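Here is the structure we will look at, set down as structure tokens.
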């Protein structure tokens, strides 16, 4: 069965979606981003692997098959630079990244190298013994070696002209880091990731940094998806969630949460022309970083991103946090109820230009609109037609004004641009119904 026939059969089997999709006329692997659908449509647009020949259409069920499909069917990959040949990869079932080449599960202890154990690490670098200075010496080097051993399994590089798409609501990539970045001088372009659940991307070996904040913090590696230097990327109808590794299940060491997660979707290092649409981001702290650091001035003129029709639920911060970029945030649904770790939603970083409009917030009343924004060395943000809890025009909230009323200095509206490249726009009061029913894998 070729890739097109396979995915159509899968759609027929998905009864609820099938009735709406008219599957006999639709192959998700061949679809491209619409010509006006956000920054990802700029210029040549985002076409992924839509032109792939039959020889470059793959159905994958495990880590080894996925990596082979990204490298013209070859495993192990012949080089660190993934193939740029147009390819369509259909994901069936659950792919776990923390496995060996025979698809046998690997536990955190299986990655231990050079005598590393968590117990020894905690005993050695306990601030009461070591002091509040960064770890160093053989055991810290052993932690790094162990982390790199896990990274060699979970980091999956994605090259240009690639479409990765789930075949059903159950299509899941667990524990993986899809890494879209320049490799060997090649900038990855035109990549589509759709209809997948990204679950439990976690770092077995967080680094202890006693200088991070007043009490120190545990910092981890790996995003579910990271886009570095890449451009023309479409992330659509996926779900991102922590399930077995949710923060509330994690231990506390040195008085701080043993944080095994980084971001869910980070866009940094001069990446640009990205559309993030109709996804569900759930139960996480640091969600989406757009921009590398305050000193990364090479990001100027880049980081052009559109976020629309996404569900952001039970999240702590960075939804998104922006430096330098022109980011259009519209028609998203923010659910802030029972979010004990909530810090902010829109992070206004250095030289950022967020244009937020027609977003809807559900809150529990304890999180007030002035808290939706955090000033992180930025100066301006546009916030138009935001609604909070209510569903009529007279319940719109001027989020920037609410922020300015309780914070100094004020944020202005001088972002320096107005979005022109966007598709369907819902009135704010229609966002909860449209987005709650339409976001996520195979919700159409």
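A short reminder: the numbers here are calculations on the coordinates, not readings from a lab. None of these values were measured; they are calculated from a predicted model. All Cβ positions, even for glycine, are placed from backbone atoms using ideal geometry, and neighbour counts span all protein chains on display.
How would you rank 91, 388, 243, going from fewest to most other Cβ atoms within 10 Å of each one's own Cβ? Kindly include the intermediate steps, with their values, before the conclusion.
On the way: 91 26, 388 21, 243 13.
So the residues, fewest neighbours to most, are 243, 388, 91.
So how much slack lies between residue 410 and residue 212, counting 0.36 nm per residue of separation and subtracting their Cα-Cα distance, in nm?
Result for the pair: 68.6 nm of gain on full extension.
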> Any idea what the relative contact order of the chain is, in percent, if you count C-alpha pairs under 8 Å spaced at least 6 apart?
Replying inline: 12
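Only helical DSSP H runs with n ≥ 4 go in: add -39500 (n - 2.57) per run for the chain, normalise by residue count and round the 222 nm mean residue ellipticity to 500 deg cm²/dmol.
Here the helix-only value at 222 nm equals -4500 deg cm²/dmol.
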> Using 19 Å as the cut-off for backbone N distance, which residues of the range 231-248 belong to the label zone defined by a point 7 Å from the Cα of residue 36 along Cα→Cβ?
Replying inline: none
> If you take the square roots of the eigenvalues of the alpha-carbon gyration tensor of the chain and sort them as a ≥ b ≥ c, do you get rounded (a/c under 1.5), prolate (a/b over b/c) or oblate?
Replying inline: oblate
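If R₀ is 22 angstrom, what is the calculated FRET efficiency for the pair residue 418 and residue 300, using the beta carbon separation as r and rounding to 0.05? Intermediate results must be reported in sequence, preceding the final value.
Values: r = 19 Å, r/R0 = 0.86.
Result of the calculation: an efficiency of 0.70.
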>> Roughly how far apart, in whole Å, are the Cα centres of the range 29-58 and the range 263-328?
In response: 21
> Taking springs between alpha-carbon atoms closer than 10 angstrom, which of 99, 74, 373 fluctuates most in the Gaussian network model of the chain?
Replying inline: 74
> Where in the range 332-348 does the label zone of residue 248 land, with the point 7 angstrom along Cα→C-beta and an amide N cut-off under 11 Å?
Replying inline: 338-341
> Taking other Cβ within 10 Å of each residue's Cβ, how do 132, 288 sort, fewest first?
Replying inline: 132, 288
> Quick one: what Rg and Dmax do you get for the range 369-444 from the alpha carbons, in Å?
Replying inline: 15.0, 44
